[in-house]
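Read the structure below first, then the notes.
The values are calculated or read from the model by the stated rules, or taken from the named source; none is laboratory data. Source: prediction; values computed, not measured. Cβ coordinates were reconstructed from backbone atoms using ideal geometry, including for glycine residues, and neighbour counts include every protein chain displayed. The area values use the complete protein model at the heavy-atom level, side chains included, leaving out ligands, DNA and RNA. Shrake-Rupley method; radii C 1.70, N 1.55, O 1.52, S 1.80 Å.
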Amino acid sequence: MTKSNNRAGWGVNTRLAHSGNDPHEYHGFVNPPVVHASTVLFPDSATMEGLNQKYRYGTHATPTTDALADAVNELEGSAGTIIVPSGLAAVTVPLLAFLGSGDHVLVVDSVYNPTRRFCDNMLRKLGVEVTYYDPLVGAGIDALIKPNTKVVFTESPGSNTMEIQDIPAIAEVSHKHGAVVMMDNTWATPLYFKPLDFGVDISIHAATKYPAGHSDVLMGLVSANEKHWRQLEDAKTNLGVCANPDDTYLVLRGLRTMGVRLAQHEKSALEIAREIEGREGVSGVLHPALPNFPGHEIWKRDFKGASGLFSIVLDGGPSRAVQRKKAHAFLDALQIFGLGYSWGGFESLAVHVWLEDRTIAEGPAMGPVIRLQIGLEDAADLLADIERGLEASKRVAG
Ligand SMILES: *Cc1c(COP(=O)(O)O)cnc(C)c1O
């Protein structure tokens, strides 16, 4: 950008508003052009033979993808960022980039379930050994690392049950053994946790969630530090994955307001979590910003904020059949919360969480776990909706 001498001191919302493209490079228009492209022309045969110009082919990069990648690099503090078609692709591409036959990967047991599915099916089929570990392992991960451990995969908070990992401790031990540390940081976004500042090598973000922010785009972002950038970018090139230009534009547009949206998600979610903690019919609230939450101290040490996703545990006893009935009564009584997967959009969502894939971090056993995505509606209305759900769930006999 032209007037960028003192960006280093900028606050995050100033960065979100001004990172990525330079309006003066494109006639002063505030937003970058949406470049639809396969072919890029070269001026002469020598340039063509040497591939000697900035843009060479649509799969490689365009001014639109560069604008988003540059904005994300500024937020993440990364050397480079690849843009891929979904959040799940943002998990699978770096795993494929750094793992091969005979290698071992350590994956946190509270991982996003489709990540586990990829590891159990695709990675094992490719001859990669997969071990799941306790999200609370911390520096104890040392005992699980083998000579062929190439990647340690983290996700914090854990999916649905919100376990907070000690990322700096895990990164330090993993690096001692030469393993690459990856983190799925979708929950916090780089605004509330900056993985690369805590020793992570590869930061993964389902941009489908908060960056897109409107439940209408699927996209993934993977950002790497200097040491790992080339290998990550090569994998993306070799696999032939790239992002749709219109969606890339929408995610850059989403970034402009992500700071204020997140602040609102955080405020409403925390208000609701505090309000329902200890209510009749609620046996627990899994929200890292609540002082009673087991990972709260580490969250407070490392994170700058909490986003709008957390879970509640309803009363229900250990019977799975009763738990299901109570969960369904809760969900079916909701009038504002939609029943749907994904999150990070403007609208609130609820889902009965399935934890039967877990092998170590089994989650609460004494009632059904309901994950809530707190949207941008008025918090009082959302609370009243949750109260309707709790009433309905209480009426189901235990
Ligand atoms: C949603 C999500 C993904 C996958 O994103 P999609 O765009 O839906 O494929 C990956 N990781 C986490 C933690 C997610 O919540």
Legend entry - Subset of the stretch 160-173 [open to solvent by 20 Å² or more (accessible area, probe 1.4 Å) and closer than 21 Å to Gly363 by Cα]: Asn160, Glu163, Asp166
Inset, instruction - Only residues that are open to solvent by 100 Å² or more (accessible area, probe 1.4 Å) and either under 15 Å from Arg256 (Cβ atoms) or in contact with a helix residue (DSSP H, G or I) (Cβ under 8 Å, 6 or more places away or on another chain) (or both): list them for the stretch 27-55, please. - result: Phe29, Val30, His36, Asn52
Legend entry - Residue within the stretch 329-338 that is small (Gly, Ala, Ser), within 16 Å of the ligand (Cβ to nearest atom) and open to solvent by 20 Å² or more (accessible area, probe 1.4 Å) present: yes
Inset, instruction - Answer yes or no: is there a residue in the stretch 110-120 that is within 15 Å of the ligand (Cβ to nearest atom) and more than 19 Å from Ile202 (Cα to Cα). - result: yes
Legend entry - Test: residue in the stretch 287-306 that is small (Gly, Ala, Ser), outside the structural domain of Tyr192 (by TED's automatic domain parsing), within 16 Å of Lys209 (Cβ to Cβ) and part of a loop (DSSP other than H, G, I, E, B): yes
Inset, instruction - Looking only at the stretch 84-97, decide whether some residue is surrounded by fewer than 21 Cβ atoms within 10 Å (Cβ to Cβ) and part of a loop (DSSP other than H, G, I, E, B). - result: yes
Inset, instruction - Could you tell me whether any residue of the stretch 8-19 is assigned to a loop (DSSP other than H, G, I, E, B) and over 25 Å from the mean Cα position of the chain (by Cα)? - result: no
Inset, instruction - For Val107, state whether it is assigned to a helix (DSSP H, G or I) and either within 13 Å of the ligand (Cβ to nearest atom) or over 19 Å from Val222 (Cα atoms) (or both). - result: no
Legend entry - Checklist (1) open to solvent by less than 20 Å² (accessible area, probe 1.4 Å); (2) in a loop (DSSP other than H, G, I, E, B) applied to Phe153, failing item: (2)
Inset, instruction - Could you check His24 against (1) touching a Ser or Thr at 6+ places or on another chain (Cβ under 9 Å); (2) open to solvent by 30 Å² or more (accessible area, probe 1.4 Å); (3) in a loop (DSSP other than H, G, I, E, B) and say which number it fails? - result: (3)
Legend entry - Where Thr131 falls short, out of the listed (1) within 16 Å of the ligand (Cβ to nearest atom); (2) part of a strand (DSSP E or B): (1)
Legend entry - Flag if Val72 is within 14 Å of the ligand (Cβ to nearest atom) and either touching a residue at least 12 places away in the same chain (Cβ under 8 Å) or surrounded by fewer than 23 Cβ atoms within 10 Å (Cβ to Cβ) (or both): no
Inset, instruction - Report yes if Thr64 is among the β-branched types (Val, Ile, Thr), out of contact with any strand residue (DSSP E or B) (no Cβ under 7 Å at 6 or more places or on another chain), part of a loop (DSSP other than H, G, I, E, B) and away from the ligand (no atom under 13 Å from the Cβ), otherwise no. - result: no
Legend entry - Filter result for Gly100 (away from the ligand (no atom under 12 Å from the Cβ), touching a residue at least 12 places away in the same chain (Cβ under 8 Å) and among the small types (Gly, Ala, Ser)): yes
Legend entry - Met162 being hydrophobic (A, V, I, L, M, F, W, C) and either within 26 Å of Gly100 (Cα to Cα) or in the same structural domain as His287 (by TED's automatic domain parsing) (or both): no
Inset, instruction - Inspect the stretch 201-221 for any residue being within 11 Å of the ligand (Cβ to nearest atom), free of Cβ contacts under 8 Å to residues at least 40 places away in the same chain and β-branched (Val, Ile, Thr) and give the result as yes or no. - result: yes
Legend entry - Checking Lys146 against (1) within 16 Å of the ligand (Cβ to nearest atom); (2) surrounded by fewer than 22 Cβ atoms within 10 Å (Cβ to Cβ), the condition it does not meet: (1)
Legend entry - Test: residue in the stretch 250-257 that is within 16 Å of the ligand (Cβ to nearest atom), open to solvent by 10 Å² or more (accessible area, probe 1.4 Å), small (Gly, Ala, Ser) and farther than 19 Å from Ser78 by Cα: no
Legend entry - Members of the stretch 274-323 found to be open to solvent by 20 Å² or more (accessible area, probe 1.4 Å) and of a type in the set (D, E, K, R), listed by number: Arg274, Glu275, Glu277, Arg279, Glu280, Glu297, Lys300, Arg301, Lys304, Asp315, Arg320
Inset, instruction - Return a yes/no flag: does the stretch 164-176 have any residue that is more than 16 Å from the ligand (Cβ to nearest atom), under 22 Å from Trp299 (Cβ atoms), in a helix (DSSP H, G or I) and among the charged types (D, E, K, R). - result: yes
